Structure formats: structure tokens, C-alpha cells
Amino acid sequence: MELMVHNGVPTTPNNFLVWYTHVSGREPDLTRMIAILKDNKQEFSEAVCSDLYVKFFTTEIEDLTLQETTARIEGELQRILGYVGDAGLGAADYGKTLESAEDDILGAKDVDGLKYAVTKLLADTRKMEEINEALESQLATSTDEIGQLRDDLEDMRREALTDALTGIANRKLFDMELRRQARDAMEAGEGLSLLMLDIDHFKKFNDTYGHQTGDEVLKLMAVTMTKAVKGVDIPARYGGEEFAVILPATDLSGAIHVAENIRERISTKKLVNRATNQDLGRITVSIGASSFNFGEPLSDFIKRADQALYKAKGNGRNCVVSQETLVSEALSFD
């Protein structure tokens, strides 16, 4: 509350939720956003506070887009039903025309009567052809529109599951994929491993070079991870400067190999500010690796990788530690 008052933030329930979460450190991206606003001497106006709340605590924009898209799909389906209904009425009328034409032709007493019956049948046939052509055109248009709406929904789904800054999977998609991969691993009897990665001394780097440069480092981290893994592996931003990689069909030794590859690729990159040509040095990462035990809670699977990660930090950083190290140390003599 004191921090809100100090920054001129109105003490509303929504704003309290934003700043309580910021102070608790549970949402690193929110904390970084507030730090950037402070660095730029931005006033925490009503609009800024509202934007923070909507961005981090609601899905208002996604919900509105989903409702609008759903309404448009329903509208197109109603139009299609209308087209088909009109065509059905036209077909029913044409059926009656054929019955009537049969009677007219069979009952014609002379050439003129026969000619009249055939001419009337041709006219009604052309009318039916026009109805069918119109139906085809209307259905083609509606099909294109529904196809576009389907693409819009897919884009929205992808955006909801993608980290906006780095372009890789976000925490929500990570949780979904880890559940799916654990199920598939048990069904196929294959290995499943997990890497947890953390950028070493990232806060110090941020404080020294600024949050925008820090954001570029996070992007570089995501690109490097993506290039270092194979197609079925899933790199994700776990939160703040912490990342994860889900490794399907991979045992622990394979996971350690992938982790070392990522660590080496990152530690050998020299950071340079292209605008100023300033040498920013190098960054390193600490990595923990664990393998999935069939049937165990996924929280235990993640916890082992996380414990290994913090063991790597305790070992001097810029290294890889696996769950095997945790087990061997747990069994060692005092």
C-alpha cells in the first residue's frame, strides 16, 4: 500500500492485485514492466494501471475476440442454412413443375400444346439452374469466410500459448505439453526428460545495461535454445529469465548432452550493442536435468530439474547438473 501511494497509484482492488503480485515477486514479467515504466518516468495514470491489470490478470481481449469470432461463425452458418432452405423450396417447386409438365406433355392435343409444355419446362429448368448457381456462389463465399474465421481462431490460440517477447511456448503451453508428453511417454514406454535453465546474474545485467537490453538477451536465449534442439523438443519460457525444454523420447544422458550443447552455444556468444558497438561481454546459463518416472506427479518431475538447476548455480554457475547428482549426494556419508 505504501508503494502504491508513493507511486501515485489509486488504491482500487484491481490496482492492489497488480502491486501485491509485483511485491510478492510471483510474476517476474509484471515486475519488469513496472521497472521499465519507472525507469522511463512514466506516470501511473488510470489508463496505465488499467493496462497493467488487463495485460496480466484478465483475458478480456481474447474473450471479446472469441465472442466476436463465434458470433460471425454462427452468422455464416445461419446464412448457409438460409441458402439451403431456399434451394430446398426451389427444388420442391421444381418437382411439382416436373409433375405438371408430364401431365401437360402427355395431355397435349396438338403441336402448339406440346410446344407450350416444353417451353414452360425449359423456363422452369433455367430458373432452377439459376437457383443452384446462386447457391454454389453463396456457399463458396461462406466457405471462404468460415475458413478465414478458422484461421483467426487458430492465430488467437497460438498467441495465447506463445510468449509475446521471445516467440517460444509460454508457461501455459509448457504445462499443457508436459502433461501430454508424460501421457505419451507412458503409453509408448519411452523416456521423457526435462531441462530447467536460468540465465546467470541476469538481474545484475539488467541493472547495468537496462531492461530493453535485457529483453534482447531473453530473445537471444530463446533463439539459441530453438536452434540447439530437434523438431519434437519443446523450448519454453518458464518465467522471467528462467526457461525450460521438454525432451520427448530422451533419456537422462541424452538430456545432459542437449543441455551441454545449449550451455556451450550461449556461453561462446559475445554480446555487442549494434547501435553503439559496445561490448557487453558474455552471458552464461545454469541448467538442471531430470527424467520422468512413469506415474509420478509432474510437480515432482519439475522439482528435481529445478533442484538440479539450483545445485548448478551453487556449483559456480555456467554448468549442467542432473538429478543423478542429487541422488548420489543424498546417499553420501556425512
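Annotations for the structure displayed:
- None of ASP300, ASP251 is surrounded by fewer than 18 Cβ atoms within 10 Å (Cβ to Cβ) and in contact with a Gly (Cβ under 6 Å, 6 or more places away or on another chain) except ASP251.
- Residues in the range 207-236 that are out of contact with any Lys or Arg (no Cβ under 9 Å at 6 or more places or on another chain) and charged (D, E, K, R) were compared, and the one that is farthest from THR31 (Cα to Cα) is LYS230.
The rows are residues; the columns are (1) surrounded by 15 or more Cβ atoms within 10 Å (Cβ to Cβ); (2) in contact with a strand residue (DSSP E or B) (Cβ under 9 Å, 6 or more places away or on another chain); (3) part of a helix (DSSP H, G or I).
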{"residue": "ALA182", "(1), (2), (3)": "yes, yes, yes"}
{"residue": "ALA185", "(1), (2), (3)": "yes, yes, yes"}
{"residue": "SER193", "(1), (2), (3)": "yes, yes, no"}
{"residue": "PHE205", "(1), (2), (3)": "yes, yes, yes"}
{"residue": "ASP215", "(1), (2), (3)": "yes, no, yes"}
{"residue": "GLY231", "(1), (2), (3)": "no, no, no"}
{"residue": "PHE243", "(1), (2), (3)": "yes, yes, no"}
{"residue": "LEU247", "(1), (2), (3)": "yes, yes, no"}
{"residue": "ILE262", "(1), (2), (3)": "yes, yes, yes"}
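- Condition met for GLY295 (out of contact with any His (no Cβ under 9 Å at 6 or more places or on another chain) and surrounded by fewer than 16 Cβ atoms within 10 Å (Cβ to Cβ)): yes
- Some residue of the range 16-25 being surrounded by 11 or more Cβ atoms within 10 Å (Cβ to Cβ) and either farther than 28 Å from ARG237 by Cβ or at pLDDT below 70 (or both): no
- Options SER253, SER267, SER193: the member that is under 23 Å from SER322 (Cβ atoms), outside the structural domain of ASP29 (by TED's automatic domain parsing) and modelled with pLDDT under 95: SER267
- Checked against (1) in contact (Cβ under 8 Å) with a residue 12 or more places away in the chain; (2) surrounded by fewer than 15 Cβ atoms within 10 Å (Cβ to Cβ); (3) hydrophobic (A, V, I, L, M, F, W, C); (4) not in a helix (DSSP H, G or I), ALA164 passes all but a single condition, namely (1).
The values are calculated or read from the model by the stated rules, or taken from the named source; none is laboratory data. Since the model is a prediction, treat every value here as computed from it, not as a measurement. FYI the Cβ positions are ideal-geometry reconstructions off the backbone, even for glycines, and counts take in every protein chain you see.
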